[in-house]
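Each reported figure results from applying straightforward, stated rules to the coordinates on display, with no laboratory input. Just so it is clear, the model here is predicted, and its values are computed rather than measured. Please note: Cβ atoms are built from the backbone with ideal geometry, for glycine as well, and neighbour counts cover all protein chains shown.
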Amino acid sequence: MIALPKGLQSYLNETGNIAAFAIRFFRQAFKKPFEFKELLRQCYLIGYKSLFLVIATGFIMGLVLTLQVRPTMIEFGAVSYMPQMVGIAIVREIGPVVTALICAGKIGSGIGAELGSMKVTEQIDAMEVSGTNPFKYLVVTRIWACTLMLPLLIIAADAIGLFGSFLIETTKGNVSLTLYFNQVFDALSFGDLLPATFKSFFFGFAIGLVGCYKGYTSGKGTEGVGRAANTAVVVASLLLFVLDFLAVLVADIIYEI
């Protein structure tokens with residue numbers, strides 16, 4: 001029997017462990033008691049506390065995209081299509097992916113470090129001894145909060161990104177706010193909004209799942225906490241690209257049908 005390389009074995013083991021962790025989440029996510037108070041607290045920490053970073057990123061994203069593309073559009077005589085092009089690019093792909101990557105760095109590492117610290121200091125063991133279900137209280141609430149909050153953060157980033165693009169257009173091309181956004185919404189269709197919104201839920205779920213998994217299974221010591229936070233960002237970012245590819249592939253197949 002041919003033995004698999006150690007790197008491939010480690011990758012497959014990690015994939016299986018994350019899948020088992022996800023199955024455990026779905027088994028407990030809909031069972032009583034529901035930790036609504038902790039869920040609301042996590043929604044505040046994950047959503048509201050990340051809002052400024054997401055808005056700043058979206059605004060700069062709109063400015064840079066417009067400044068980079070506008071000269072090429074002028075060269076081809078298509079500068080009048082700038083609102084349509086920027087709107088489709090931000091809503092379909094750039095907004096969801098960039099915002100998810102920013103959240104993977106902030107939220108994923110934060111969850112991994114927080115749960116890793118609790119694991120190292122034996123707070124999770126203490127919760128089990130006291131009769132509390134630590135998985136339901138710590139993991140389920142954080143994954144749900146990520147899944148629910150990320151689509152809202154992406155919508156905010158898209159809106160601010162389009163506004164940043166408008167500022168460049170109105171400065172260089174004297175375009176009114178009404179005209180700009182009318183052209184943006186005329187270019188967008190239901191087929192653009194649905195896949196982008198749908199995959200944003202999966203992005204949030206992936207960030208929460210990986211962050212909780214890495215923190216909940218963290219090794220002992222401060223080194224284990226640091227490794228949990230670091231690997232949570234790396235694995236979540238890679239998983240986001242995989243999910244984005246699958247979402248685009250499925251959407252393309254549906255359009256062809």
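With contributions of -39500 (n - 2.57) from each DSSP H run of at least four residues, the per-residue ellipticity at 222 nm computed over the chain stands at -26500 deg cm²/dmol.
Amide hydrogen proximity for V175: with H placed 1.01 Å from N in the peptide plane, the residues at 5 or more positions away or on another chain lying under 5 Å are T170. Couplings for the range 104-118, taken from phi via the Karplus curve 6.51 cos²θ - 1.76 cosθ + 1.60 with θ = phi - 60°, read 4, x, 7, 6, x, 5, x, 5, x, 5, 5, 5, x, 5, 5 Hz in order; Gly and Pro are left as x. Mean-square fluctuations from a GNM of the chain, with a 10 angstrom spring cutoff on Cα atoms, peak among T231, T121, T15 at T15. Test of understanding: given the chain, find the longest segment containing no trypsin sites (Lys or Arg not before Pro) that are in a DSSP loop and have at most 16 other Cβ atoms within 10 Å. That would be 32-219. Each of G173, W144, M82 was placed along the dipole of the chain (beta-carbon charges, centred on the mean Cα), and the one lying farthest toward the positive end is W144. Of the GluC sites (Glu not before Pro) found in the range 18-116, not one falls in a DSSP loop while having at most 16 other beta-carbon atoms within 10 Å.
Specify the angular offset, from 0 to 90 degrees and rounded to the nearest 10, of the alpha carbon long axis of helix 190-216 from the longest principal axis of the alpha carbons in the chain. So the inclination is approximately 30 degrees. Lysine pairs in the range 34-256 whose alpha-carbon atoms fall under 27 angstrom of each other, counting only those eight or more residues apart or on distinct chains, come to 23.
Computed from phi, the 3J(HN,Hα) profile of the range 24-40 under the Karplus parametrisation 6.51, -1.76, 1.60 (θ = phi - 60°) reads 4, 4, 5, 5, 9, 5, 10, 9, 6, x, 9, 8, 5, 5, 5, 4, 5 Hz, with x in place of Gly and Pro.
Could you tally the net charge around A78, taking each other residue with its Cβ under 14 Å from the Cβ of A78, Lys/Arg +1 and Asp/Glu -1? My count for the surroundings of A78 gives -1.
Which of the three applies to the range 117-257, rounded, prolate or oblate, going by the alpha-carbon gyration tensor with a ≥ b ≥ c and a/c under 1.5 meaning rounded? It comes out prolate by the Cα gyration axes. Charge dipole (Cα centre; +1 on Lys/Arg Cβ, -1 on Asp/Glu Cβ; no other charges) of the range 102-237 amounts to roughly 240 debye. Taking the fewest neighbouring Cβ atoms within 10 Å as the starting point, the ordered list for D125, D192 is D125, D192. Rounded to the nearest 10 degrees, what's the angle between the helix 221-256 long axis and the longest principal axis of the chain, both from Cα atoms, 0 to 90? Roughly 50 degrees, rounded to the nearest 10.
I need to check one value: relative contact order of the chain, counting alpha carbon pairs closer than 8 Å and at least 6 residues apart, in percent. Provide the component values of the computation, followed by the final result.
Values: 314 pairs, mean separation 82.4, N = 257.
About 32 percent, as a whole number.
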